[in-house]
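Student: Could you have a look at this structure, given as structure tokens, before my questions?
Read-outs throughout are calculated quantities, based only on the coordinates presented, and are distinct from any laboratory measurement. The structure presented is a predicted model; accordingly, all values stated were derived computationally and were not measured. Cβ coordinates were reconstructed from backbone atoms using ideal geometry, including for glycine residues, and neighbour counts include every protein chain displayed.
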Amino acid sequence: MASDQDLYPLNQNLLRLLTEKIYEKRKTAASEVERMMKEFVTTNNTAMIQKLIKVLAQDLTLSDNGHYRKGGLIGLAAASIALGKHIRIYLPQIIKPVIACFNDADSRIRYFACEALYNVVKVARETSMPYFPEIFDVLSKLCADSDTNTKNGAELLDRLVKDVVIESRTLDLEIFVPLLRERIYAKNPFVKQFLVSWISVLDSAPEVNILDYLPEILDGLFTILSDPRLEIRKACESLLGEFLHGIVTSPQNVDYAAMINILIAHAQSQDELVQFTAILWIKQFIKLSGERMLPFASGILIAVLPCLSFESDSRKNVRENAKQVNQELVRLIPREMEDTPEKCDDILTLDLHGIVDVLIVNLKHDAVPTRLACLRWVYSLFDLVPRRTFKSIDKLFPALLVAIQDTSDEVILATLEVFAELSSVCDQLQVMYKSSENQPEISYFRRFIGELLRIFKGDRSMLEERGHFMIRQLCLLLSAQDIYEVIAEILLEEADPKFASIMVQALSSILLTASELFELRNLLKDFSTAATHKLFEKLYRCWANNSVAAVALCLLTQRYQHACAILEVFADIDVTVEHLSEIDKLIQLIESPVFTYLRMQLLDPAVNGYLVKALYGLLMLLPQSEAFGILQRRLDCIPWQKHSEETANVGIPKNSSRVSSGSKIDIDFEELLNYFRKRQYLLQTELRKARRASNLLSSL
């Protein structure tokens, strides 16, 4: 036991009272210590002040004896009150022993430490700020203390320290923020609440600009936001809302780049609130910082593209904000300057390769809205930055070919629009690249048409179900003449005559019925220019793969004499049910508005004798069916009685070539007829082989 000499200016009696369990006795002892210290302060007896603090702090508070530690803490609290403003001189000797007691295993000592530190900070206030990191560290542990009294005492201390911080002008965030960052990933819910409350206090402090340090704690705050406890989520959501408001109010000094990747990561969270909040922040960042977000575009797309497919009402806000982010991001991309192609790589800091990779991945997304958004992005890139986007064409092209086979008509239409834009871009870049030895040949339009035909060949059901729709849309987006010419050129090299015949049948049907091909039909019907003659010849050689389609082309172009010649070849062709079905459809078309001009020409059989003969030829091919009756009734309407007996009987005038005056037809129809015979012979041979193989397989 220490002697009175060792305890001076305390004594054994005062020590006993300081360590009593009874509150009144401890209060009496504390009053005595306070009286003594006031006396020393009044007389300016610094030696005795130092001596009393040393005894209370070193000999008692840091003692191995638990009772002494309690007494020392009580005494230091009283001494601090007595010191008043003079405490700043002695604060290091007082506060450090008190803080050391917060690690004590005895909950009573931790509680007394709370009381002591409360009194020290209450007196010292601003002077205690250099010790704020140590105080904060203590508080962050006490908020989750297992002892209720200690936790309550810590809450009182916490409120006091917050008041002091708000008033403070000397808080050093450079020291404090690392400690905050370390604690912010704590698992304990009380610690999470404590941290959120403290960050909120710092945000409200007029002399503290916590926004400067937001990048260091933002990830932790979003982690806290995902806590399952409602009160923690609400508090954190409110705090993040305040921060975002501060950013919107003063956007000029915000380090967007340091935070955007954090937001991108949390925008992919499975937690609805976290995801919504992160996307909301990203939207504001794009609005506030503009093109500075372009280097992060690929990451932003990774986060927002899947969100476009959310259908539930609970995720409606996420979907709508993601949609806005997607739209705003596209608007940030500046258009390439056409007159400075050599500088196109320096126009903007856009991670185009990264964006393309993200789009390719999401083109396979399960949801249609996401796939559509990806295709709109590809379209925009070809439109806005064609030179740079073209460098990624070898990656994009296969992905677009997959998209063209999508189950959604919307996706197919969007893909066709992309290919149409790609075709336009290729035309623009042809001049730029043709002189460069290192650049690939730009023939993606023809390549696309070839791949489309390959897809149709491999999947006949797609040709039947979507082929007409796709070709019509292509003709609407691009030149129908160009499309038909390219298809004809490719089909001329087709090794499978059966597929070529099926494809020509589809193309002929579209040509004769679709409104999108109105101009091409009129061009062929007019047949008045050398260019039209070349087009006819090119189409004819392809159409020769299908005998009925070839007749229809001749009727459309008013080459009635050649139509008659083709029909004569039918005598040598194995006319199948498929042929009869196609002839039936042609008869229906002859009765449609497309062939109104043809029907009107029947009023003058003397001039249009080959037309009459061609129609009779079709009639002779048909069995007596409904189509036979329709055509027969039409032919019965020809006004034979208005013409001479010779004309009526023969019906074939000497001059039946319907070509505008002054135009010359430089077409070798005899050569075309021979070509038609060869193609039909080849087709018939292949069909017989296929039937023999089928019969053999059946017999086996």
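Student: With each label point set 7 Å from Cα along the Cα-Cβ vector, what nm distance links Glu182 and Asp64?
Tutor: Between Glu182 and Asp64, the label points sit 2.9 nm apart.
Student: Right, something else. So what's the angle, to the nearest 10 degrees on a 0 to 90 scale, between helix 409-433 and the longest Cα principal axis of the chain?
Tutor: Tilt of helix 409-433: around 80 degrees.
Student: Per 5 Å bin, what percent of the C-alpha pairs of region 1-117 does each bin hold, from zero upward?
Tutor: 2, 13, 26, 26, 20, 10, 2, 0
Student: Jot down the radius of gyration and Dmax of the chain, Cα atoms only, both in angstrom.
Tutor: 45.1, 155
Student: Nearest 0.05, what FRET efficiency do Ser204 and Glu519 give at R0 = 60 Å with Cβ-Cβ as r?
Tutor: Efficiency for this residue pair is about 0.30.
Student: Still on this structure, I have one more. Given points 7 Å out from each Cα along the Cα-Cβ axis, report the Asp147 to Ser592 separation in nanometres with one decimal.
Tutor: 9.3
Student: HN-Hα J couplings of region 490-499 from phi, Karplus 6.51/-1.76/1.60, θ = phi - 60°, integer Hz, Gly and Pro as x?
Tutor: For region 490-499, the Karplus-derived couplings read 5, 5, 5, 9, 5, 7, 9, x, 5, 5 Hz, x marking Gly and Pro.
Student: In degrees between 0 and 90, to the nearest 10, how far off the longest principal axis of the chain does helix 444-458 point, with axes built from Cα atoms?
Tutor: The answer is roughly 80 degrees.
Student: Which residues make up the longest stretch of the chain that has no GluC sites (Glu not before Pro) in a DSSP loop with at most 13 other Cβ atoms within 10 Å?
Tutor: After excluding every exposed loop site, the longest remaining stretch is 494-700.
Student: Further question: Run the quick spin-label model on Thr43 and Asp409: label points 7 Å from Cα toward the beta carbon, then report their separation in nm to one decimal.
Tutor: About 10.4 nm separates the two model spin labels.
Student: If you average the C-alpha positions of region 96-120 and of region 573-590 separately, how far apart do those two centres end up, in angstrom?
Tutor: About 102 Å separates the Cα centre of region 96-120 from the one of region 573-590.
Student: For Lys316, project a label point 7 Å along Cα to C-beta. Then give me every residue of region 274-298 with its amide nitrogen under 20 Å of that point.
Tutor: Of the residues in region 274-298, 274-280 have backbone N under 20 Å from the label point off Lys316.
Student: From the phi angles alone, apply the Karplus equation (6.51, -1.76, 1.60; θ = phi - 60°) to region 263-280 and give each ³J(HN,Hα) in whole Hz, x where the residue is Gly or Pro.
Tutor: Those phi angles translate into 5, 4, 4, 7, 5, 9, 5, 7, 7, 4, 5, 4, 5, 4, 5, 5, 5, 4 Hz.
Student: Counting Lys +1, Arg +1, Asp -1, Glu -1, what net charge surrounds Asn326 among other residues with beta carbon under 12 Å of its beta carbon?
Tutor: Taking every Cβ under 12 Å from that of Asn326, the sum is +3.
Student: Would you kindly derive the ³J(HN,Hα) couplings of region 367-383 from the backbone phi angles with the Karplus curve 6.51 cos²θ - 1.76 cosθ + 1.60 (θ = phi - 60°), listing them in order in whole Hz, with x for Gly and Pro?
Tutor: Karplus-based 3J(HN,Hα) across region 367-383 equals 9, 4, x, 5, 5, 5, 4, 4, 5, 5, 5, 4, 4, 5, 5, 5, 6 Hz.
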